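For reference, the structure is listed below as structure tokens.
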Amino acid sequence: MKNKKTIAGLLLSLLLIIITGCTDEAGTEKNQSTSKDKSLTMLFSFASKTIDPHQDWMGVRAGIAETLVKLDDDLAIKPWLAESWEQKDETTWVFTLKEGVTFHDGSPVDGEAVKASFERAIEVNEALASALKIDKMEADGQQITFKTTEEYPAFLSELVHTNASIIKADADNIGEKPIATGAFQVESFSSEEEIKLKKYPKYWDGEANVDHVSIKFNSDANVRALALQSGEADISYHLPPESLEPIESHNELRVESVASLRVHFFLYNSAKPELQDVKVRQALDLLVNRPVAVEEIMNGHATAANGPFNPDFEFASEKDPTSYDPSKAEKLLNEAGYEKNEDGNLEKDGKPLELTLATYEGRPELPMMAQYFQSEAANLGIKVNVVTVENIDNYLWEQQQEWDIVTYSNLTAPRGDGGYFLNVAYLPDGSLNPGQINIPEVNNITKQLNKEADQEKRIELQKKAVEKIQEEISQSFILHPHIIVGVNQRVKNWKPGSEEYYLITNEMDVE
């Protein structure tokens, strides 16, 4: 009996060795296969709560979703999922879709699928519905026809909007795992933490060079910079200018700094009585030291702003940026009825001039601008209380009675035309108008612009709008920042674009 037990034990041990050996061998093969996969990690500043492409920008940014048309490097509109298009009349646009494009589940992208995607988009995104002005749609094979509610020359450029992405509209769980057409498909998504992607092998424009991509979110700019230096991230977006020296001196890292289509500015809450006086707004504008912001806060990675649009655009203002002048600011405040009390603070009718300035850390230079402005205002006798909030947009819209000024940042001409920003930032119902700006002359000009197809006339109208905006000073435009991105040298065939739309592509590669 003992011998039988011994033999049985030996046989069991031998079997375990064989099984273990097979498992190890298979595991080794798997590890070898995994080690050959190319992977990349990007660290981004603004966290996504959802990756529904119709409600969040990360769908296009992450290479998950695509739009009918896109911007090229020169900010000209070119085909993407659309092969071509034709404007039949003032309100009718016909798009022919590329053949052979499939969703990540393998189903074809045809006119009916695109129609269903737009129907969902305008249902779940009120701002997009307002921007597109679609009255009705018709699908026929690889064609889709759009009818707009009015004459609307800007319709084509509005289709560049990332929320106009084409997705499978009837898919489940679109907020966490959208099915779209991009070079990458979603493996998993942790809200406000990480998106894990894998390449879509049947991507219509050529299989991606990188197999796996991880996009992580962190609002702390210093953490993003350190993650790049430690090798935890291959690409770190929106780095603080003061963190660049160790990156620039590192042999394995590089800094990409490109002029953006964005403007940093102070937005004034027009619902607040103190800020309804244009002389008060003019005075605050004179306290903005733009050269200091460009050189000391941005370390030269910016251009001083003289209006909402980058001066390289034909429709931008031709005036010089407002010069820093606290003496003139004090005189204007005196004219507005403010005088210094015995404590040296400005007050009117016994009420001190005290303002709440909101800022956020997603763009690390903005809190610094807020603190600098706070100091300048204090020198003049104005108390500015700086509050830092995590989600600036939610705060501005939901707490409109709480704030007077905000450090804000917007893309103002992401489609190479100023019509977008005039519509969303100045019209009373604009999706980027939490300051409740309402300038009748600008409203009228914008409505004219929306119906004007002639390019020269569009430029003229936009310049007129900018001139009126500068007179009213609903914002103090500070600077046009560069997009500062830290990149590991192992990343090839990639650079940031000024439009900030197309971050993860099938062409990017790693060594």
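The values are calculated or read from the model by the stated rules, or taken from the named source; none is laboratory data. Fair warning: this is a prediction, and the values are worked out from it, not measured in the lab. So basically every Cβ, Gly included, is an ideal-geometry build from the backbone, and we count neighbours across all protein chains shown.
Given the condition closer than 25 Å to GLU500 by Cβ, in the same structural domain as ILE405 (by TED's automatic domain parsing) and either in contact (Cβ under 8 Å) with a residue 12 or more places away in the chain or crowded, with 17+ Cβ neighbours inside 10 Å (or both), answer yes or no: does some residue in the stretch 276-286 qualify? So far as the stretch 276-286 goes, no, none of its residues is closer than 25 Å to GLU500 by Cβ, in the same structural domain as ILE405 (by TED's automatic domain parsing) and either in contact (Cβ under 8 Å) with a residue 12 or more places away in the chain or crowded, with 17+ Cβ neighbours inside 10 Å (or both). Restricting attention to the stretch 469-483, the residues that are among the aliphatic types (A, V, I, L, M) and modelled with pLDDT under 95 total 1. When GLU507 is tested against (1) within 27 Å of GLU295 (Cα to Cα); (2) assigned to a loop (DSSP other than H, G, I, E, B), only condition (1) is not met. For GLU112, state whether it is farther than 28 Å from THR446 by Cα, touching a residue at least 24 places away in the same chain (Cβ under 8 Å) and assigned to a helix (DSSP H, G or I). Considered against the rule, which asks whether it is farther than 28 Å from THR446 by Cα, touching a residue at least 24 places away in the same chain (Cβ under 8 Å) and assigned to a helix (DSSP H, G or I), GLU112 comes out as yes. Considering (1) outside any loop (DSSP other than H, G, I, E, B); (2) of a type outside the set (A, V, I, L, M, F, W, C); (3) touching a Pro at 6+ places or on another chain (Cβ under 6 Å), the lone condition that ASN306 does not fulfil carries the number (1). A single entry from SER236, SER257, SER191, SER219 fulfils the requirement of being of a type in the set (S, T, N, Q) and surrounded by fewer than 17 Cβ atoms within 10 Å (Cβ to Cβ): SER191. Once the stretch 335-350 is narrowed to residues that are within 40 Å of the chain's Cα centre (by Cα) and assigned to a loop (DSSP other than H, G, I, E, B), the residue that is surrounded by the most Cβ atoms within 10 Å (Cβ to Cβ) is TYR338.
On inspection, ASP404 does not qualify as touching a residue at least 60 places away in the same chain (Cβ under 8 Å), within 30 Å of LYS78 (Cα to Cα) and among the acidic types (Asp, Glu).
Kindly establish whether ALA453 is closer than 20 Å to PRO414 by Cα, in contact with a helix residue (DSSP H, G or I) (Cβ under 9 Å, 6 or more places away or on another chain) and not assigned by TED's automatic domain parsing to the domain that holds GLN87. Lay out the reasoning, then the answer.
On the way: closer than 20 Å to PRO414 by Cα: yes; in contact with a helix residue (DSSP H, G or I) (Cβ under 9 Å, 6 or more places away or on another chain): no; not assigned by TED's automatic domain parsing to the domain that holds GLN87: yes.
No, not satisfied.
Restricting attention to the stretch 416-429, the residues that are within 17 Å of the chain's Cα centre (by Cα) and outside any helix (DSSP H, G or I) total 3.
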